[in-house]
1. In region 7-48, which residues are among the charged types (D, E, K, R) and more than 22 Å from Ala87 (Cα to Cα)?
2. Give region 79-102 a look and list any residue that's touching a helix residue (DSSP H, G or I) at 6+ places or on another chain (Cβ under 8 Å), at pLDDT below 90 and either surrounded by fewer than 15 Cβ atoms within 10 Å (Cβ to Cβ) or more than 30 Å from Leu43 (Cα to Cα) (or both), or say none.
3. Would you confirm whether any residue within region 81-92 is touching a Leu at 6+ places or on another chain (Cβ under 7 Å) and either assigned to a loop (DSSP other than H, G, I, E, B) or more than 21 Å from Gln18 (Cα to Cα) (or both)?
4. Please find, within region 61-78, the residue that is nearest to Ser125 (Cα to Cα) out of those that are among the β-branched types (Val, Ile, Thr) and in contact with a helix residue (DSSP H, G or I) (Cβ under 7 Å, 6 or more places away or on another chain).
5. Tally up the residues in region 16-60 that are charged (D, E, K, R), at pLDDT 95 or above and touching a helix residue (DSSP H, G or I) at 6+ places or on another chain (Cβ under 7 Å), please.
6. Show the residue pairs meeting these rules: Cβ distance below 6 Å; 6+ apart or different chains; first residue within region 90-101 and hydrophobic (A, V, I, L, M, F, W, C); second residue at pLDDT below 90.
7. Going by the structure shown, is Ala99 touching a strand residue (DSSP E or B) at 6+ places or on another chain (Cβ under 7 Å) and of a type in the set (Gly, Ala, Ser)?
Amino acid sequence: MQGEGGSFMITLSKDLIQITREQDVVTLRNRVKELAVKIGMSLLGQTKLITAASELVRNMLRYAGGGTVTLEVVLGDKVTGVRLTFADEGPGIADIGLAMQDGYTTGKSLGLGLPGAKRLVNEFSITSEVGKGTTVTVIRWKNGL
């Protein structure tokens, strides 16, 4: 995967958290905050990353019954960031384009949804296959605006 500025990224640390119940959301939020603080991310950056992570993990619990989150500290083009990969084996998303539209929901939530989470991070990618699951990867750079 390429990092900011088109260079390759180096993973400095990697951790995996299993998400199976609501309490795991708190564990994830705390771990994301730890990593963001460790690399010196601004308070605003931390808040945006934790908010995006919360939305994505709640979606994973709601629609897929859980999954895994890989947390990584990555070094890009002379900049450090936190990369989070949310992977589940749920029903998948039939129309990613539709799911990425503001206001679209299949649930009855008032959450940010995928487009809201995307706005809170610097890099966002999603892959999904119906019947196989969904993977969302986000990166928030230390100095990302």
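The values are calculated or read from the model by the stated rules, or taken from the named source; none is laboratory data. None of the values given here were measured: they were computed from a predicted structure. Glycine gets a Cβ as well: all are built from the backbone with ideal geometry, and neighbour counts include every protein chain shown.
1. Hit for region 7-48 is Lys38, nothing else.
2. Gln101, Asp102
3. Of all residues in region 81-92, those touching a Leu at 6+ places or on another chain (Cβ under 7 Å) come to 82, 84, 86.
From the residues that got through so far, the ones that are either assigned to a loop (DSSP other than H, G, I, E, B) or more than 21 Å from Gln18 (Cα to Cα) (or both) too are none.
No; the residues of region 81-92 include none that is touching a Leu at 6+ places or on another chain (Cβ under 7 Å) and either assigned to a loop (DSSP other than H, G, I, E, B) or more than 21 Å from Gln18 (Cα to Cα) (or both).
4. Val69
5. 2
6. Ile93/Ala99; Leu98/Tyr104
7. no
Condition check ((1) part of a helix (DSSP H, G or I); (2) of a type in the set (Phe, Trp, Tyr); (3) in contact (Cβ under 8 Å) with a residue 40 or more places away in the chain; (4) more than 15 Å from Gly144 (Cβ to Cβ)) across all residues:
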residue: Asp24; (1), (2), (3), (4): yes, no, yes, yes
residue: Leu28; (1), (2), (3), (4): yes, no, yes, yes
residue: Gln46; (1), (2), (3), (4): yes, no, no, no
residue: Leu71; (1), (2), (3), (4): no, no, yes, yes
